[in-house]
Amino acid sequence: VQLQASGGGLVQPGGSLRLSCAASGFTFDDYAMGWFRQAPGKEREFVAAVSRSGGMTYYADSVKGRFTISRDNAKSTVYLQMNSLKPEDTAVYYCAADRDGWNPQYQPGYDYWGQGTQVTVSS
């Protein structure tokens, strides 16, 4: 099983980034997918999640209206489009897969985790 996150980098405040997470080794369509992030000195927190079909999405209040999660089941990939980025969005971003998909924000419920990609928002 592998979740390979990519697309992170350095961006100025107000800028945009698109993260991707390519999955392999399991049946992607059977899993809800989530994005989490961990800033230096802070606990890892929920960012966004998408249902198996992509028909339902969930967001943390801090990113609602700025971030969009989506998935392409044909490519076994989940995306996180991040717009209007703020310095407080700086963190390592992780993708994760949840077989049950009942509680998107519940981290112990996720079965698989990727290695993370760094996002830095700074001028």
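Laid out as a table, the results:
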item: Karplus 3J(HN,Hα) series, Hz, for the stretch 98-114 with 6.51 cos²θ - 1.76 cosθ + 1.60 (x for Gly, Pro); result: 10, 5, 7, x, 8, 9, x, 8, 8, 4, x, x, 7, 8, 10, 10, x
item: Normalised contact order of the stretch 2-123, rounded percent, pairs of Cα under 8 Å and 6 or more residues apart; result: 36
item: Reachable aspartates and glutamates from Lys42, criterion Cα separation under 16 angstrom, eight or more residues apart if same chain; result: Glu88, Asp89
item: Accessible area of the chain belonging to carbon and sulfur atoms, whole % at 1.4 Å probe; result: 45
item: Top positive-direction residue, dipole computed over the chain with Cβ charges, set Thr120, Tyr31, Ala91; result: Thr120
item: Accessible area in square angstrom per residue, the chain, 1.4 angstrom probe; result: 51
item: The stretch 78-123 versus the stretch 56-76: alpha-carbon centroid distance in Å; result: 10
item: Net charge dipole size for the stretch 13-69 [Lys, Arg +1 and Asp, Glu -1 on Cβ; Debye, nearest 20]; result: 220
item: Value of D in µm² per second that Stokes-Einstein yields for the chain, Kirkwood Rh from Cα pairs, at 37 °C (0.692 mPa s); result: 233
item: Dipole magnitude (debye, nearest 20) for the chain, charges at Cβ of Lys, Arg, Asp, Glu; result: 280
item: Förster-model FRET efficiency, 22 Å R0, Ser123 and Ser16, C-beta, rounded to 0.05; result: 0.90
item: When the stretch 67-123 is reduced to its Cα atoms, the Kirkwood hydrodynamic radius in Å; result: 13.0
item: Among Gln12, Ala22, Thr57 - extreme Cα towards positive end, dipole of the chain, charges at beta-carbon; result: Gln12
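The values are calculated or read from the model by the stated rules, or taken from the named source; none is laboratory data. Please read all numbers here as calculations on a predicted model, not as lab measurements. Neighbour counts run over all protein chains shown; Cβ positions are idealised from the backbone, glycine included. Surface accessibility is based on the protein's heavy atoms, side chains included, excluding ligands, DNA and RNA. Shrake-Rupley method; radii C 1.70, N 1.55, O 1.52, S 1.80 Å.
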